[in-house]
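The structure appears right after this line, and notes come after that.
The values are calculated or read from the model by the stated rules, or taken from the named source; none is laboratory data. Bear in mind the structure is a predicted one, so any value in this text is a computation, not a measurement. With ligands, DNA and RNA removed, areas are computed over all heavy atoms of the protein, side chains included. Shrake-Rupley method; radii C 1.70, N 1.55, O 1.52, S 1.80 Å.
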Amino acid sequence: MHVVTPDLVAELCGLSLGLLLAAAGVGFILWLFGWKTHRFWVVLLTTVAAGVYGLQEGNTFKTPPLVAALLLAIAAGVLALALVRLLAFWAGGVSGLLLIQAATPTLDQPLVVFIVSGLVSLLLFRWFLMALTSFAGAALMCYAGLALLNWQGMLDAVAWTEQSVGLLNWICGLTALMGFMMQFLLHRRWVRPVAEDEVEDEG
């Protein structure tokens, strides 16, 4: 399993400096504040995905693509928070499949792994989203960091990625673990004042 792939690094190296810095910033926000901002990201991604689907498939439904994109984006944005646990189930199932295939490729039970992983992600919804957003943020920062080093001429990012797949996996994994711990500590810090205020109000 390759978290950082040379092909995608090569694509990112063609982006402008502003876009690379924006990608690094988004990755940092996901890494540190993923749980706090997860509603925003769910609504944004669902709305964009529905809009893109509407543009591509509008003619299939005998609707002008722009109208289909607008209507689907609005509907998806309104329904996104209601569907967040369904999305968490799907994301947990896919993540479980990828992890099991990487750990035990001989285990050929995709349906069982998908459903069990999805149910576990629902039972541990908060922790799962913290882990997922910290991992996504770590991967995005790693990609953006490599592309920025390549843009500055400090590193041949594509060649180095091909030679250092294992090292990059470890870097992303450890960074994601740090992000999860940071999100957990920040969540406790945010929750504690609220709990104290409620106790004072009851007193």
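Note on Trp90: accessible area approximately 150 square angstrom, rounded to 10, probe 1.4 Å, nucleic acids and ligands left out. Taking all protein chains together, Leu12, Leu185 sort by accessible area into Leu185, Leu12, largest first [probe 1.4 Å].
Taking Ser16, Ser164 and ordering them by how much accessible surface each has at a 1.4 Å probe, largest first, produces Ser16, Ser164. Heavy-atom accessible area, probed at 1.4 angstrom with all protein chains present, ranks Met182, Met154, Met130 as Met154, Met182, Met130, highest first. Take the convex hull of the alpha carbons in the chain; its mean projected area over all directions comes to 15.5 nm².
Note that the chain presents 63 Å² accessible area per residue, ligands and nucleic acids not counted, probe 1.4 Å. Helices in the chain that qualify as membrane-span-like (whole DSSP H runs, Cα extent of at least 30 Å along the helix axis, mean Kyte-Doolittle hydropathy of -0.5 or higher) are 125-151, 165-202. Annotation: Arg126 carries an accessible surface of approximately 90 Å², with a 1.4 Å probe and no ligand, DNA or RNA atoms counted.
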